[in-house]
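Working notes, beginning with the structure itself.
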Amino acid sequence: MTYTFVTLFSNLIEGYFKDSILKRAIDKELLEIKYLNPRDYSSNKHSKVDDTAVGGGAGMVMNPQPLYDALDDLKKEDENVHIVFLTPVAKPFVQNDAKRLATKSHIAFVSGRYEGIDERVIEKYADEVFSIGDYILTGGELASLVICDAVSRNIDGVLGNSDSLTVESFETQLLEAPSFSKPKNYEGLSVPSEYLKGNHSKIRSLKLAMSECKTKFFRPQELKKYKITTKL
């Protein structure tokens, strides 16, 4: 998988790939990370990439020319690149999107800044548009990294144990059951006793019950969906 981050601030992204799971995936050549800076394509003598909003309003908007030229170059290099824009005014990104996008060969994340990106750029180049939540960030770089991380762990070989993917939250409507590590007792608190008895059938039943409790508390609507689904 190749990821291209279209951003004015690649230094905000680069550090994330210097450690842990994604670094190992890069070392194994499962992932390739590239950067494309729209400022390098600006025809303005001062390399400006933004201007005031037409129709008024606070803040500046990323104007189309640098992004048009940058994305045209990107598509010439790889006509199969899947271009994703990050914006709060889009459909929510969910786990099924991560699994689906993991089958792509090249994804480009376009990160907005200031008050956003000229809508004409999105209409012309977007294959998909995602939001990671109902809140506003100072730029799209963090959102790009969130989606990149979620997608990458669904690529074969990226995780050390692929079985981890099958028991996570959002693989069903239920949230994942609580996890515990050693020691078995710590400051007067112990792990559930059933976990210590080695009866895997009872452990699975307990985990299911705890998943239902956690889902009921944090996501009651999802528990209702789960119960309807299991009755079908």
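The values are calculated or read from the model by the stated rules, or taken from the named source; none is laboratory data. Because the structure is predicted, anything quoted here is derived from the model rather than measured. Methodologically, a virtual Cβ is constructed for each residue, glycine included, from the backbone with ideal geometry; neighbour enumeration extends over all protein chains shown.
Overview of results
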| item | result |
| --- | --- |
| SER20 being over 16 Å from the mean Cα position of the chain (by Cα), farther than 16 Å from GLY140 by Cβ and small (Gly, Ala, Ser) | yes |
| In the stretch 41-69, the residues that are of a type in the set (Asp, Glu) and either out of contact with any strand residue (DSSP E or B) (no Cβ under 7 Å at 6 or more places or on another chain) or closer than 15 Å to THR4 by Cα (or both) | ASP69 |
| Where a residue in the stretch 72-90 is under 11 Å from THR2 (Cβ atoms) and assigned by TED's automatic domain parsing to the domain that holds ARG100 and its partner, wherever it lies, is in a loop (DSSP other than H, G, I, E, B) and polar (S, T, N, Q), with Cβ under 9 Å and at least six apart | ASP78/SER105; ASN80/SER105; VAL81/SER105; HIS82/SER105 |
| Test result for ASN37, without any contact (Cβ under 8 Å) to a residue 12 or more places away in the chain, farther than 30 Å from GLN173 by Cα and not aromatic (Phe, Trp, Tyr) | no |
| Residues (of a type outside the set (A, V, I, L, M, F, W, C) and not in a helix (DSSP H, G or I)) located in the stretch 201-232 | ARG219 |
| Candidate set from the stretch 178-200 (those that are under 34 Å from the mean Cα position of the chain (by Cα) and in a helix (DSSP H, G or I)); member that is modelled with the lowest pLDDT | TYR195 |
| Enumeration of residues in the stretch 63-112 that are surrounded by 16 or more Cβ atoms within 10 Å (Cβ to Cβ) and among the acidic types (Asp, Glu) | ASP97 |
| Some residue of the stretch 17-40 being touching a strand residue (DSSP E or B) at 6+ places or on another chain (Cβ under 9 Å), outside any loop (DSSP other than H, G, I, E, B), over 26 Å from GLY157 (Cβ atoms) and basic (Lys, Arg) | no |
